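The values are calculated or read from the model by the stated rules, or taken from the named source; none is laboratory data. Please read these numbers as outputs of a predicted model, since none were measured by experiment. Cβ atoms come from the backbone with ideal geometry, glycine included; neighbour counts cover every protein chain shown. For the accessible areas, the whole protein counts, side chains as well, though only heavy atoms, and no ligand, DNA or RNA atoms are used. Shrake-Rupley method; radii C 1.70, N 1.55, O 1.52, S 1.80 Å.
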Amino acid sequence: MSIVGCCVTGIFIYKASTSSSFFGPISGAILNAIQIRVMNIVYELIAKKLNDWENHETELDYTNNLSVKLFLFKFVNSYISLFYICFLKQ
C-alpha cells in the first residue's frame with residue numbers, strides 16, 4: 001500500500017509542477033486513473049499468489065482471506081487520492 005501512496009504523491013507533484021499549462025490537471029487525472037487500474041490488476045495477481053502460499057484448510061477460509069485482502073487494497077488504492085485532496089492538500 002505504500003507503493004500506492006508513493007504513486008499518488010508523485011502524480012500530485014506532477015500536477016503541481018504542470019498546473020500552469022492547460023493539460024497539467026487533465027493529464028494528472030488521467031495518470032491517476034491509469035495508476036488505479038494498473039495497481040488493482042497487479043495486486044489482484046499478487047493477492048492470489050499470497051493466498052495460495054498461506055495454505056488455508058477450507059475453501060471458505062481461502063475466499064474470506066482473499067476477499068479481505070482485495071477489499072482493503074482496492075479501497076485504499078481507489079480513495080487515497082480523495083483523502084489526500086480532503087485532508088492534506090492546502
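Counting only protein heavy atoms and using a 1.4 Å probe, what share of the accessible area of the chain belongs to carbon plus sulfur, as a whole percent?
So the carbon and sulfur contribution to the accessible surface is 69 percent.
Grab the DSSP H runs of the chain that are 4 residues or longer, score each as -39,500 (n - 2.57), total them, divide by all residues and round the 222 nm result to the nearest 500 deg cm²/dmol.
Values: 3 runs with 72 residues, N = 90.
Calculated mean residue ellipticity at 222 nm is -28000 deg cm²/dmol.
Given R₀ = 25 Å, what would the calculated FRET efficiency be for N40 paired with I13, taking r from the Cβ atoms and rounding to 0.05?
Calculated transfer efficiency: 0.65.
What is the diffusion coefficient of the stretch 45-88 in µm²/s, taking the Kirkwood radius over Cα pairs and the Stokes-Einstein relation at 25 °C with a viscosity of 0.890 mPa s?
Working: Rh = 11.8 Å.
D, rounded to a whole number, is 209 µm²/s.
Taking only complete DSSP H runs, can you tell me which helices of the chain stretch 30 Å or more along their own long axis by Cα positions and average at least 0.0 on the Kyte-Doolittle scale?
Helix filter hits for the chain: 24-54, 59-83.
Name the GluC sites (Glu not before Pro) in the chain that are in a loop by DSSP and that have at most 13 other C-beta atoms within 10 Å, would you?
Those satisfying the criteria are E57.
Using label points projected 7 Å from each Cα along Cα→Cβ, tell me how many nm separate I3 and K89, to one decimal.
Result: 2.5 nm between the two label points.
Say R0 is 35 Å: what FRET efficiency, to the nearest 0.05, do D52 and S21 get from their beta-carbon distance? If you can, show how the numbers build up before the last one.
Numbers: r = 46 Å, r/R0 = 1.32.
The computed FRET efficiency comes out at 0.15.
According to a simple spin-label model (label point 7 Å from Cα along Cα-to-Cβ), what is the distance in nm between L72 and L60?
Output for this residue pair reads 2.2 nm.
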